[in-house]
Amino acid sequence: MPQVTLPDGKTLEVAPGTTVGQVAAMIGPGLAKAAVAGKVNGEIVDLSHPLEADCRLELLKLDAADPDSLYVLRHSAAHVMAEAICSLFPETKLVYGPPVDNGFYYDIDLDRPLSSQDFEAIEQRMAQIIKEDRPFTRYEVDRQEAFKKLQAEGNRYKIDNAERAEGPLSFYVTGPEPGRYFEDLCRGPHLPSTGRIGAFKVMQVSGAYYRGDQKEKQLQRVYGTAWPTRKDLDKYLAQLEEAKKRDHRKLGQELGLFTVDPLVGSGLVLWKPKGAVIRAQLEDFLRAELIKSGYQPVYTPHIGKLGLYRTSGHFPYYKDSQFPPIFESRTAEILNRLWEAARGRPSGEICPEERQILAELRQTDAAAYEALTGHSAYKAGGDKAAHLKAIEAQLEVSDGYLLKPMNCPHHIRIYASEPRSYRDLPIRLAEFGTVYRYEQSGELSGMTRVRGFTQDDAHLFCRPDQLLEEITGCVNLTRKVLDLLGLSDYSVRVSLRDPASDKYVGSAENWALAEQAVREAVKASGMVFTEALGEAAFYGPKIDFIVKDCIGREWQLGTVQVDYNLPERFELTYIGADNAAHQPVMIHRAPFGSMERFVGILIEHFAGAFPLWLAPLQVVVASVSEKSADYARTVRDRLFAAGVRVELDDSPEKIGPKKHNARKQKVPYILVVGEKEAAEQSVNVNDRNGRNLGNEDLAAFVERCTREIRERVL
RNA sequence: GCCACUGUAGCUCAGCCGGUAGAGCAGCGGUUUUGUAAACCGCAGGUCGCGGGUUCGAAUCCCGCCGGUGGCUCCA
């Protein structure tokens, strides 16, 4: 007889084959009514699931706070929506419909595009199915029979799904028995019946490639959300509204922080004066930290020769996501095409495409053509590497330039500009360096996904024996930055190379060394972390700080990366104690990541109400009337002299509108000054939340205000 | 880049089935000198994203571009 252990530790003996639902009934009628699924040894199952062996059993009730119950609810809601869509559009082919955070979606293949105008009809049909309160009925068939059945339906997606599942396949009927009702190949589990879906809403429709493959057919993905009760749904919808209010694009506009102008270009952020204040404060903070930590500021230009990025590996690897190069001459452009063709050819022999480009070169620039084809390495038969070298030699005469996609090559050349001793290391070069990346148009968004952005970048060159300490220093700096701003909801990810992919440069040994160093450093820091295969940079593994914003979106902000490969590609050295040349190890790191993205996230994090030290405008002095205007000016001047960003509002308005305007701009302190304040040399302090903090001596306020700024109080 | 939606004054939006534009806020001018969440009167402001087409007539219908939004893919 199977022994069932309940969460409170009690055990029940039940006959083999007793279902989860029956156990619920044994415990009590209330639970039997409320239970919608069970969790057997940690696995969620239907109420109809039979228990055959000893197990731990937990019964799930619908609860907006219980993710397991929501999972089941939304999975079932996806089936109901699928049935609704299929009944409205019988030619629909269903693909895949899982629960996701906050809801569910169903991918469908339907030539007629759905739009939000169709949602109402879908919702009505769903409501009807839910009202009918039909049971979800599971039945299993062996694989052969299942495939026969799916084949008959002629739905290639479901056959695909079935092929990737293991063991016997199950179907769920939205009704008491197969045959007369909607059914779907599905692993389950589901609610006992459709009536348990308390509240739902069809949210949106979008395109989605089948199996995430851009070459595959684009399906329609219909998103919905479902909750135990109407109240839960309303709460969720209200949350979405709240998130919209915090949207940095909206607030950036309202508060005059930044703009993106189509005339300048998509994804190119223009920082307005108020946004620039915030950025400057952050930069000032970090600059001071860097000096304390032994960094040396440097400046480098925004472009560099293509040859630089050929050596680093950026140019060939990321050429699709770069702004097109600027060529010095047509010769340079042709030579680059030739180089590209030679690099891409499989064998050692010059390929037809190259011959064609060579002919073009001969016509355009006979001298360059002669120089290249006369080069001994180019003539040396079928040696691809030699050919590339010969072309590169010619490109030194005339090449192109690239807007820099990263700062590291420039910093590397600063390192290489003088001989380095082991005593000089570590060398830490820091720069707020602006980089340009040609992101796909559909990816651009406000400040968080842009085509030009400034990294708070630095490159540390150190000896292998210094590596751990240096990584740790970088990790601590990043944590300090996040703590400073109260961005406490972050996770740490160790991003490793996917050995199966060929997108990385460098040897396996280098990667092993770097990955080991990164792991060790994170472990030593005591932080909880996850590892992610295939998330590394192309030159080395990373420690990524992933911060959660107010809407629950995750952003990769700070990053620390260990790199053995670029020092090798650039043949960097230092002279060791043994008087021999050694190769340094590099660390790339950016605590903020990008200033654009970081400030974008901060806007949402603070909902535009920045802490005093960051606020573009810190204090507004509002005079009650002209009788107190002189004193108001005194207050303004005192604060201004103390370094506070302050404005005087001496317009002939009432206090109400003056406060209102300042609050709309999220100014932290609003000082009301009238005849009373003038008489006692005080200010009436109001915050942007509408609280009146009472009167304070002017001198005391100036002191408190400057201290809060100095201490960067949140 | 792909799919869907979307684009009217500086901002937020109205303008149904085609009859050549309207409000609030902001701005400007005036009145009000005011004690804590938006004073009053007036003025000005738009090639209705751009380009084609249909039509006697297009902000409105159709097509193509260009922005933007939500997803997908991508993300050094």
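If you check A:L557, A:L572, A:L513, A:L496, which single one turns out to be modelled with pLDDT of 95 or more and either closer than 30 Å to A:K245 by Cα or in contact with a helix residue (DSSP H, G or I) (Cβ under 9 Å, 6 or more places away or on another chain) (or both)?
Matching residue, one of A:L557, A:L572, A:L513, A:L496: A:L572.
Do you know which residues across segment A:640-660 are under 42 Å from the mean Cα position of the chain (by Cα), within 11 Å of RNA strand B (Cβ to nearest atom) and of a type in the set (K, R)?
Hits for segment A:640-660 are A:K658, A:K659.
Can you tell me which residue in segment A:189-214 is surrounded by the most Cβ atoms within 10 Å (Cβ to Cβ), limited to those that are part of a strand (DSSP E or B) and within 6 Å of RNA strand B (Cβ to nearest atom)?
In the first step, residues of segment A:189-214 are kept if they are part of a strand (DSSP E or B); the result is A:193, A:199-209.
Applying the additional criterion that residues be within 6 Å of RNA strand B (Cβ to nearest atom) yields A:204-209.
Values: A:Q204: 13, A:V205: 20, A:S206: 12, A:G207: 10, A:A208: 18, A:Y209: 14.
Checked segment A:189-214; the qualifying residue surrounded by the most Cβ atoms within 10 Å (Cβ to Cβ) is A:V205.
If you go through segment A:549-588, how many residues are part of a strand (DSSP E or B), surrounded by fewer than 15 Cβ atoms within 10 Å (Cβ to Cβ) and more than 28 Å from the chain's Cα centre (by Cα)?
As a first pass, look at segment A:549-588 and keep what is part of a strand (DSSP E or B): A:554-563, A:574-575, A:581-582, A:585-588.
Now drop any that are not surrounded by fewer than 15 Cβ atoms within 10 Å (Cβ to Cβ), which leaves A:554, A:581.
Now restrict to residues that are more than 28 Å from the chain's Cα centre (by Cα): A:581.
Within segment A:549-588, residues that are part of a strand (DSSP E or B), surrounded by fewer than 15 Cβ atoms within 10 Å (Cβ to Cβ) and more than 28 Å from the chain's Cα centre (by Cα) number 1.
If the requirement is being closer than 26 Å to A:A127 by Cα and either among the acidic types (D, E) or not in a loop (DSSP other than H, G, I, E, B) (or both), which of these qualifies: A:Y172, A:Y157?
Values: A:Y157 fails: closer than 26 Å to A:A127 by Cα.
A:Y172 is the lone residue from the list that is closer than 26 Å to A:A127 by Cα and either among the acidic types (D, E) or not in a loop (DSSP other than H, G, I, E, B) (or both).
Name the residue that is farthest from A:W511 (Cα to Cα), counting only residues in segment A:528-544 that are near RNA strand B (Cβ under 10 Å from one of its atoms) and of a type in the set (D, E).
So, considering only residues that are near RNA strand B (Cβ under 10 Å from one of its atoms) and of a type in the set (D, E), the one farthest from A:W511 (Cα to Cα) is A:D544.
Within segment A:381-402, track down each residue that is over 31 Å from the mean Cα position of the chain (by Cα) and either within 16 Å of RNA strand B (Cβ to nearest atom) or at pLDDT 95 or above (or both). Don't jump to the end; show me each part of the working.
From segment A:381-402, those over 31 Å from the mean Cα position of the chain (by Cα) are A:381-400; that's our starting set.
Result: A:G400, single match.
Out of everything in segment A:534-548 that is part of a loop (DSSP other than H, G, I, E, B) and in contact with a Phe, Trp or Tyr (Cβ under 9 Å, 6 or more places away or on another chain), what residue ends up being surrounded by the fewest Cβ atoms within 10 Å (Cβ to Cβ)?
The extreme case among them is A:F538.
All but one of (1) in contact with a Lys or Arg (Cβ under 7 Å, 6 or more places away or on another chain); (2) within 16 Å of RNA strand B (Cβ to nearest atom); (3) part of a helix (DSSP H, G or I) hold for A:G224; which doesn't?
(3)
Can you tell me which of A:A78, A:A82, A:A152, A:A146 is surrounded by 19 or more Cβ atoms within 10 Å (Cβ to Cβ), part of a helix (DSSP H, G or I) and modelled with pLDDT under 90?
A:A146
Name the single residue, out of those in segment A:661-677 being within 40 Å of the chain's Cα centre (by Cα) and β-branched (V, I, T), that is farthest from RNA strand B (Cβ to nearest atom).
It comes out as A:V667.
Across segment A:64-122, what is the total count of residues that are closer than 30 Å to A:K39 by Cα, within 14 Å of RNA strand B (Cβ to nearest atom) and of a type in the set (G, A, S)?
Adding up the residues that qualify gives 2.
Residue check: is A:S266 part of a loop (DSSP other than H, G, I, E, B), of a type in the set (G, A, S) and farther than 30 Å from A:Q455 by Cβ?
Details: part of a loop (DSSP other than H, G, I, E, B): yes; of a type in the set (G, A, S): yes; farther than 30 Å from A:Q455 by Cβ: no.
So A:S266 does not fit the description; no.
Would you mind telling me which numbered condition in (1) under 14 Å from A:S525 (Cβ atoms); (2) buried (at least 18 other Cβ atoms within 10 Å of the Cβ); (3) more than 19 Å from the chain's Cα centre (by Cα) A:V492 fails?
Of the numbered conditions (1) under 14 Å from A:S525 (Cβ atoms); (2) buried (at least 18 other Cβ atoms within 10 Å of the Cβ); (3) more than 19 Å from the chain's Cα centre (by Cα), the odd one out for A:V492 is (3).
Mind listing whichever residues of segment A:577-590 are in contact (Cβ under 8 Å) with a residue 12 or more places away in the chain and out of contact with any Lys or Arg (no Cβ under 8 Å at 6 or more places or on another chain)?
Result: A:A577, A:Q583, A:M586, A:I587, A:H588, A:R589, A:A590.
Write out, first by first residue and then by second, each pair whose Cβ atoms fall under 6 Å of each other, whose residues are 6+ apart or on separate chains, and whose first residue, in segment A:317-332, is more than 21 Å from A:Q394 (Cα to Cα) and in a loop (DSSP other than H, G, I, E, B) while the second is polar (S, T, N, Q) and away from RNA strand B (no atom under 16 Å from the Cβ).
Within 6 Å, no pair qualifies.
Specify the residue that is farthest from the chain's Cα centre (by Cα); the eligible residues are those in segment A:292-312 that are over 19 Å from A:R479 (Cβ atoms) and in a helix (DSSP H, G or I).
Out of the qualifying residues, it is A:G307.
Being touching a helix residue (DSSP H, G or I) at 6+ places or on another chain (Cβ under 8 Å) and in contact (Cβ under 8 Å) with a residue 24 or more places away in the chain is the filter here, so list the residues in segment A:136-154 that pass it.
Once the filter is applied, which keeps residues that are touching a helix residue (DSSP H, G or I) at 6+ places or on another chain (Cβ under 8 Å) and in contact (Cβ under 8 Å) with a residue 24 or more places away in the chain, segment A:136-154 yields A:F136, A:V141, A:R143, A:A146, A:L150.
Show the residue pairs that are 6+ apart or on different chains and have beta-carbon atoms under 6 Å apart, the first residue being within segment A:512-530 and closer than 25 Å to A:S488 by Cβ and surrounded by fewer than 15 Cβ atoms within 10 Å (Cβ to Cβ), the second being modelled with pLDDT under 90 and among the small types (G, A, S).
none
I'd like to verify a number: residues in segment A:50-65 that are in contact (Cβ under 8 Å) with a residue 40 or more places away in the chain, within 17 Å of A:R138 (Cβ to Cβ) and crowded, with 18+ Cβ neighbours inside 10 Å, how many?
Total meeting the criteria: 1.
Residue-by-condition table, conditions (1) free of Cβ contacts under 8 Å to residues at least 60 places away in the same chain; (2) among the β-branched types (V, I, T):
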residue: A:V20; (1), (2): yes, yes
residue: A:S48; (1), (2): no, no
residue: A:P67; (1), (2): yes, no
residue: A:D109; (1), (2): no, no
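Please go through (1) of a type outside the set (D, E, K, R); (2) at pLDDT below 90; (3) under 30 Å from A:R310 (Cβ atoms) for A:S488 and return the number of the only condition it doesn't satisfy.
(3)
From the set of residues in segment A:403-424 that are more than 8 Å from RNA strand B (Cβ to nearest atom), in contact (Cβ under 8 Å) with a residue 60 or more places away in the chain and in a loop (DSSP other than H, G, I, E, B), which is nearest to A:S594 (Cα to Cα)?
Within segment A:403-424, the match that is nearest to A:S594 (Cα to Cα) is A:N407.
Can you name the residue in segment A:268-286 that is touching a strand residue (DSSP E or B) at 6+ places or on another chain (Cβ under 7 Å) and in contact (Cβ under 8 Å) with a residue 60 or more places away in the chain and is also nearest to RNA strand B (Cβ to nearest atom) among such residues?
Taking segment A:268-286 and keeping what is touching a strand residue (DSSP E or B) at 6+ places or on another chain (Cβ under 7 Å), we get A:268-272, A:275, A:279, A:283, A:286.
With the extra rule that they be in contact (Cβ under 8 Å) with a residue 60 or more places away in the chain, the set shrinks to A:268-269, A:275, A:279, A:283, A:286.
Values: A:L268: 9, A:V269: 11, A:G275: 16, A:R279: 20, A:E283: 20, A:L286: 19 Å.
Among them, the one singled out is A:L268.
The values are calculated or read from the model by the stated rules, or taken from the named source; none is laboratory data. Since the structure is predicted, the reported quantities are computational estimates derived from the model, not experimental observations. A quick note on method: Cβ atoms are made from the backbone with ideal geometry, for glycine too, and the neighbour counts reach across all protein chains shown.
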